[in-house]
1. Where Lys and Arg each count +1 and Asp and Glu each count -1, what net charge lies around LEU1036 among other residues with Cβ under 11 Å from its Cβ?
2. Using the Cα centre as the reference, give the magnitude of the dipole from point charges on the C-beta atoms of the range 108-239 (Lys, Arg: +1; Asp, Glu: -1; all else neutral), rounded to the nearest 20 debye.
3. Scan around THR26 for amide H atoms under 5 Å from its own, H built in the peptide plane at 1.01 Å from N, and keep only partners 5 or more places away or cross-chain.
4. Using all C-alpha to C-alpha distances in the range 929-1034, build P(r) with 10 Å bins and read off the rounded percent in each one.
5. Quick check on packing: order 526-539, 607-620 by the mean number of other C-beta atoms within 10 Å, highest mean leading.
6. FRET efficiency for GLU76 and LEU858, Cβ-Cβ distance as r, R0 = 56 Å, nearest 0.05?
7. Given Cβ point charges of +1 (Lys, Arg) and -1 (Asp, Glu) and nothing else, what value in debye, to the nearest 20, does the dipole of the range 852-923 about its Cα centre take?
8. Quick one: length gained pulling PHE950 to THR1009 fully straight, 0.36 nm per residue minus the C-alpha distance?
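None of the figures in this text is laboratory data; all of them are computed from the coordinates on show. As the structure is a computational prediction, the values presented were derived from the model and not from experiment. Backbone-built Cβ (ideal geometry, glycine too); neighbour counts: all protein chains shown.
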Amino acid sequence: MSSWIREAHYVEEKFLEQLKTLRWDTLVVEDSDNKHRTDKALLNRTSFKEVLLKDKLSSAIKRINGSWLKDEQVKEVIATLENINKSSLFESNLACTELLLENTSVDVNHETGAKSPTVRYIDFDNIENNEFLAISQFMVDGAQTIIPDITLFVNGIPLVVVECKAPDVTDPIAEGVNQLKRYMNTRETEQSEGASKLFNTNAFLVVTSRTQAKSGTISSKLEHFLSWRDPYPMSLENFGSDEQDILVAGMLEPQNLLEIMRDFIIVMGTGRKRVKIVCRYQQYRTVKKTIKRILEAKTLEERNGVIWHTQGSGKSLTMVFLIKHSRHITQMQKYKILFIVDRSDLEEQLEDTAALTGEKISVAMNGNDLKKKLSNDVSDIIMTMMQKFNDDEALKSLSDKKEIIILIDEAHRTQYSKLGAALRTALPHAIRIAFTGTPVEKTFDSFGSYIDTYKIREAVEDGATVPIIYEGMTSKDSIDNKSEFDGKFEDLFVDLTKEQQEIIKKKYGTKGDILEAPKRIETIAKDMVRHYVENILPNGYKAQVVSSSRKAALRYNQAIKKALGKYHENMADANPYKVLVNKLSSAVVISHKHNDNSDEFPKEFSSKTHKDKSVADFKKPLFTASPYDANEGDDIYDSLKTSQLAFLVVSDMLLTGFDAPIEQVMYLDKKLTAHNLLQAIARVNRTYEGKTKGLIVDYYGVGAHLKEALAAYEAEDVQDVMNDKSSELSHLELSHRKTMQFFTENGVEEINKNNLEDAVILLADEKLRQEFKVLFKEFTKLIDFILPNPIKKYFLNDVQVLGLIKNEAQRRYRDSELNIEGIGAKVKALIDEHLISEGIETKVRPISIFDDEFGNALKGKPDKAVASEMEHALRYTIRINIDKDPIYYKSLAQKLEEIIAKHKGEWEKLVEKLSKFKKEMQGGRELLEVFEKLNCGVCMAYYDLLTSYFSEEECTPLVCDTIVDLVINSVEQASREIKRVDFWGATGEHSRHNLENYLVGLIANSKQTNLIKNIPDIKEKYMSITKENHELLKGLELAN
């Protein structure tokens, strides 16, 4: 059973069947219909370039808005949506989405005389008033023709595109996302591809293999496509383990879909860094459960509650979605929202987030100001800091209104137990919803029971966060109690005399003093820099240092700068990272106190300007391309795009509410417990491209007392907070075993650098190659994370041999996917070092079979290996040329398969036959005499295309002469048209239209019925051949 059949039967059909149970109509356009571009495939459109089903949209507009709309007005409303064409897909999508949500208007209601009446495309309030249609194999023409597996239409508007992959494809989600990016023309290829217009109105995308199913948006990277693991409000108990079933029920049930589109999608960022974000399942579930509790609970206390969503999982956005959704529920539209936050930096951050609701945010500066803002009847959003509830008399009684919802951020803080009581007094009838990123302590009940929880393990399993790994330094580096004090000094000041040590003991006589001791800080800073450069820097991530005090932070900042300079001096000139290390810097951000001595605590390190700049620089990448891979002369340190600020040193700042996904490691030299510990370590758990783990390196000794540090919580709630780095070795052991077993289970008993051929031949099978890619990638990711720490020698030996196999398979099978993007820089260097020692190029470049170098490379190899090399080199040559001359190269492909099938196992004979076949290919194809005179080899591709619509008997000399004239005239025109600027790009549509119309005119004038009835098909194939031969045609001069 082919991959396509498996995909259709096991995935696509089941998807459509489930949609039917959810009140969707479904339509399957058969593959044969699409190939022949039938009326059925056209679906009442005037051309395949159209993406709206205008007949359905027209009916929906009249149904939703009333019979007063005239036909011309309906056409105008449809044209307003259809004609949106911005500079990019992202901009077009934003404009279309705004139109669908905010509606449009026409000049007048001719029945009532009302001017500029509103016209809606979708009825979000009455689901039954809309038409839901899922179409399988919906064809759209663009720069290329695309046929997505399933397209979901609401009132004839395409809102969701679904890409299905067979369940046995090795990496179905990655393949599906790549396919969608091709359809959207967002892969940054040299030439336009796909048909991006289909995605102008897109709400979100789905990729599924049935067992796996993930959703994302038009701007989502692969790592941001996430599973939807809860069908809420349906019960999870009614579903099996297939992710597809749960996603369809949770996201595509009609009401859920329209709610998600309207209230649960936002755009974040600025300029080119803007991204469109669709909610995660726990965010949707939480909002719905919160509103259900508010509306249905009988008492005020029952309406209150706590939402615990682990750090990094999008807690702030859940608040945004809650506000957006509540504004569309009639019973909740009159509520005021009061945000209460702790500390001004959180207030500032939350204010930015709250702005995503689209509403104006007002900040209450004091008690009187807050009382005034609460007194009016406007259902607005107010923000204030919790500190304002401490002493302000005006806060004793703020408002008796019932229509107030208080959203409390970071409600795990101990001071909130007092706040809970203060709120009950000041706002006795307000609903209190507390959000926390850490579990609530056992004794904490100020805000009621849990509304929803989303724990650490769930977030890691979903890919919403990365796991945190703990690495403790040796016991002599930890400072925990006074009894260790003497031993500690002996370790730190071993080079001093006893008398000198006694003087220092008197000076640094407390634990705080020893943590601030310059000698100790200098020693640890050297180790931090070593650890960072060897472990973190190669993959481009950054580090945060948490020190015991502001004084210690300032000293660490200086010590790290000094240590970086020393480390750079000792690096070999050949080290590709030496230039970068010389550019690395450190910054310190500390809080300001009024009685600070300006010499001891310079204000420059506590100013808002300094903090904002340091944070902005820290969030930028270190480089635009890794120094290991960059070519000499490349500018990889663009000052606008990158910053070499690698260390951010803090004491109590930026440990909560600070989101920097590029941070992979936190160096901890401070005692932290309970929520302070959980909050701080979560700085490293954000997802980032290529990042598989976050790392906590403990110089204080927190890990040795983790149980006591988290004693305030239920054990289940803090399970898997951090895993010891040693546990990664057991994962490595398992991954290594699975990778090596892959070969033995497929008949390759032993692999080593002297016995690679059987392993490489095994990977000729594309499915096995995909499986190997996944295993190899996981194995190398684990090694990369552990390096440069000691690893068993056989792991290193085997990864080098596997690297040889990967390289050879990539070269032989011309498989660019085996390049394996994201392979860690450390393990990449390890493999490359081995390849160089074996005299093998590290950058794989396929050699043409017609190149002398190809023959030289085969000398001395056994016939089986030579046959394999030739077979796949010939396949590759056919594959890269087939779109230039489809019919000719398809005939060559068929002939090649016949040779291979006939002589399989007869390696010497096969080499002989393949060598003969290669010579025939190298000689080139035979040309018609007329084309030979015109020096137009490419004309044969068009000639073969047009004659393929005739049987052998129908190809009379008259027909052939007519086709020759048609080819010459059309190719002459093509060679002129394609020279126009951006012919294949977004602005070249008019020029492409001209060429297509010219071709249609020639076909019509030919009076050849076989050609005329196949014009749509010929047009598509003709333009495809023209695009593939662009450079050749551009330089063509036909002397006809």
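1. Details: positive: ARG976, LYS979, LYS1034; negative: GLU972, GLU1031, GLU1037.
Local net charge: 0.
2. Working: 11 positive and 17 negative charges, 51 e Å.
The calculation lands at about 240 debye.
3. For THR26, whose amide H was placed from the backbone, the distant partners under 5 Å are ALA134.
4. Percent of pairs per bin, in order: 14, 50, 30, 6, 0.
5. The most tightly packed comes first, giving 526-539, 607-620.
6. Details: r = 68 Å, r/R0 = 1.21.
Computed FRET efficiency for GLU76 and LEU858: 0.25.
7. Values: 15 positive and 13 negative charges, 24 e Å.
In total the dipole reaches around 120 debye.
8. Working: separation 59, 0.36 × 59 = 21.24 nm, distance 1.00 nm.
Gain on stretching PHE950 to THR1009: 20.2 nm.
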